[in-house]
1. List the trypsin sites (Lys or Arg not before Pro) in region 246-286 that DSSP assigns to loop (not H, G, I, E or B) and whose Cβ has at most 16 other Cβ atoms within 10 Å. Which are they?
2. Which ³J(HN,Hα) values in Hz, rounded to whole numbers, follow from the phi angles of region 403-412 under the Karplus curve 6.51 cos²θ - 1.76 cosθ + 1.60, where θ = phi - 60° and Gly and Pro get x?
3. How about region 66-134: which chymotrypsin sites (Phe, Trp or Tyr not before Pro) there lie in a loop by DSSP and see at most 16 other Cβ atoms within 10 Å?
4. Figure the gain on full extension for residue 141 and residue 59 (residue separation times 0.36 nm, minus the Cα-Cα span) and round it to one decimal in nm.
5. Explain nothing, just compute: Karplus ³J(HN,Hα) = 6.51 cos²θ - 1.76 cosθ + 1.60, θ = phi - 60°, for every residue of region 187-193 in order, whole Hz, x for Gly and Pro.
6. With contacts defined as alpha carbon pairs under 8 Å and 6 or more residues apart, what's the relative contact order of the chain in percent?
7. Starting from the 7 Å offset along Cα-to-Cβ, what nm value, one decimal, do you get for the label separation of residue 227 and residue 66?
8. May I ask you to compute the full-extension gain from residue 40 to residue 244, defined as 0.36 nm times their residue separation minus their alpha-carbon distance, rounded to one decimal in nm?
Amino acid sequence: MFLCIIYLHVLHSMVSSVERLPTNPTGSQLILRCKDFRVFQILIPQERDCLDIHASLVRLSRPEKYSELYCLSFNPNVNKEERVESWNFIDLMADYKRMGVPNNLWVATAANSEYRVCDTYPSELFVPKSVTPAIIVGSSRFRSRGRFPTLSYFHQDTLAAVCRCSQPLSGFSGRCQEDEMMLQAVMKSNPGSDYIYVVDTRPKLNAMANRAAGKGYENEDHYTNIKLQFIGIENIHVMRSSQQKIIDVGEMRSLSMTDFLWGLENSGWLKHIKAILDAGVFIARAVADEGVSVLVHCSDGWDRTAQACSIASILLDPYYRTIKGFMVLIERDWVSFGHKFSNRYAHLDGDPKEVSPVIDQFLECVWQLSEQFPCAFEFNERFLITIHTHTTVNSISQNSSHSLWPQLWKDRAEYTNPLYKAELTQSQGVLRPNTTPYCFKMWKGLYNHMEKSMPPHQSPVDFLSAMREESQQLEEELINHQEVPPGGTAHHHPGSRQGIQHTKTPHVMTPL
């Protein structure tokens, strides 16, 4: 008889729920469901021990104060200066400078210095050159949460811009002169167009319902030279329910193909992914093909707005398809513009209705794009999954935590896509994905990346990386071989193999 003991390390902050099953003759069972979709079953012989462990896990997985978060207790061997310096790894002002901002159309404003106008916006912002502080303040007062229109991305070739904000507090008939002037200034900051698109990422019915609460959307009779476009991305509650249905399908025993396909369709998950990608495609086409600036918002401007703006940036700009550029994009459109990471991933014990897979969907959209354009992204699937894992367990606090980005950059060899070709057209230009339904796939790598009862196997990316390394070694040896003079002896580098006829085949583990 063999006793197999497996040690698993799971951060308590990674635990989403702990379920205690009825006691049976073999002991008591706990089921741990994690935020990265792994599920563990633990058998504990003594019921009393099981009750104690269950109570401890429930408490540890639901911290009540920020000081209890793992990211604030994590203490690597670095001094305070190194920790502070790590937060300077991403320079957002350098990214705007790369875009060509500031210029004679867009300028920096100090209006939000010390977060005086909007406490969920960055302190450094770019607005149209003609906009005054009074216009900014007036527009802010007319927008939900004070989130007035400001620059997200500037396209140097067409001079069109992607801007973001929140819904107006218009109700059925309200209007604001400063807000109308702000949108007019956004339009005039693009000399090549006499109108702008206002992209409301919500379903129109939802936006209309908000009017009853004194909010809503822009009235085209009040805002001259705008074209209003509704996209139809559902709210956080619909998305939370949809993802849960996907998870439930994966946990079904003896899952048949019919059950899987029915469950996938019933969840509506890929329909939602398509809607988000469609929003990014619409914005990218408007900016790159029509040369028209776009103002994007949802309700409060920190969920669907972040999804649409960041996907559009990836489609428009190859820089955001690199490892460093993708970090910059998340820091800009998600962190600096106030995405509610703590609420959406329940970092603290709070309202479960605030939990929603907003950034999961963004990462999945990027993965879907990488499947259509396998040579366009410098990073691989592992990079996206690693970011997802760290997002689920950490909140953002520059005061006493450590930045994730320098460590990911240090380990970038693990996250590099071996198929990436920076010189190819698909890497250099605008990506134009096909968003017809048959082009979308289930992201197995995220939702089932720890398969039950199966040993780990080498991924295609690992295999390609091994092949690339082997090819480089062969090329070096061939060069050395060709440099040998007639009748002479080859000079081999220390540790290199003697000649190319004895090369070995990379070890590949075949998936079961």
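1. Working: sites: 253, 271, 274, 285; in loops: 253.
Answer in residue order: 253.
2. Karplus-based 3J(HN,Hα) across region 403-412 equals 6, 6, 4, x, 5, 4, 5, 4, 9, 4 Hz.
3. Values: sites: 66, 70, 74, 87, 89, 96, 106, 115, 126; in loops: 74, 87, 89.
Here the chymotrypsin sites (Phe, Trp or Tyr not before Pro) that fit, given the DSSP loop and packing criteria, are 74, 87.
4. Values: separation 82, 0.36 × 82 = 29.52 nm, distance 4.06 nm.
Net length gain for the segment: 25.5 nm.
5. Once θ is set to phi - 60°, the couplings for region 187-193 become 5, 6, 6, 10, x, x, 9 Hz.
6. Working: 796 pairs, mean separation 72.8, N = 512.
Dividing the mean separation by the residue count of the chain yields 14 percent.
7. Result: 4.4 nm between the two label points.
8. Numbers: separation 204, 0.36 × 204 = 73.44 nm, distance 1.72 nm.
In short, 71.7 nm is gained.
Throughout, read-outs are computed from the coordinates displayed, never taken from laboratory work. Please read these numbers as outputs of a predicted model, since none were measured by experiment. Because the Cβ atoms are built from the backbone with ideal geometry, glycine has one as well, and the counts that use them run over all protein chains shown.
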